[in-house]
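Enquirer: This is the structure I have questions about; it appears just below.
No value in this document is a laboratory result; all are computed from the given coordinates. Keep in mind that what you see is a predicted model, and the values were worked out from it rather than measured.
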């Protein structure tokens, strides 16, 4: 826009230059006043264009900061959700609720002795809104970051799908021991050889490294006040 205004001004000055070669002295001051007005209008337009450009840039930065903080907040929520979904401890009431749900809707064949394997599957359903909230940020993320960020969203989706699938497989089928152990590691947190949690931590770390610097100000030192000793 600024370049266009500059081009218009140069063209106008060129025309003025051609006009004043053979101009009557009386009309010279009239043309000079027109020239002054033209330059003033150009200056006003230039300042307005610069202001609009700066304002637009600042608005984009604010939106980017807000989105980065929202995504990071959702990532931390999801980190906790993964721990809750894969917690091997569950209350009898939780298993009873799943059992009643199966009896009511017949989503799965009824296998009371294997109800525990469906716990992670139903927990994912419980946190569906939080999970969907995170997934929906991927569309906005494409506006500000390269395709690498989309791979992180996909990795999270794949891990959730992996837990869901493993949960159903363990419940619905009588699997060979080795295969059952593989699926069991997917659905439960295990202190040793946990294959899901390290991947979640790695994804969280990558989000943190790339997003926190955008919205998080540098930490300032905290000034401590020494308390006066009270005489006993």
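Enquirer: For the range 158-179 and the range 74-119, what is the centre-to-centre distance using only Cα atoms, to the nearest Å?
Expert: 13 Å
Enquirer: Any chance you could run the full-extension gain for residue 154 through residue 126? It's 0.36 nm times the residue separation minus the Cα-Cα distance, nm to one decimal.
Expert: Numbers: separation 28, 0.36 × 28 = 10.08 nm, distance 2.05 nm.
Going from the current span to full extension adds 8.0 nm.
Enquirer: Now a separate question. Over the range 69-214, what is the relative contact order in percent, taking alpha-carbon pairs closer than 8 angstrom and at least six residues apart? Don't skip to the answer; put the middle values down first.
Expert: Numbers: 115 pairs, mean separation 49.9, N = 146.
So the answer I get is 34 percent.
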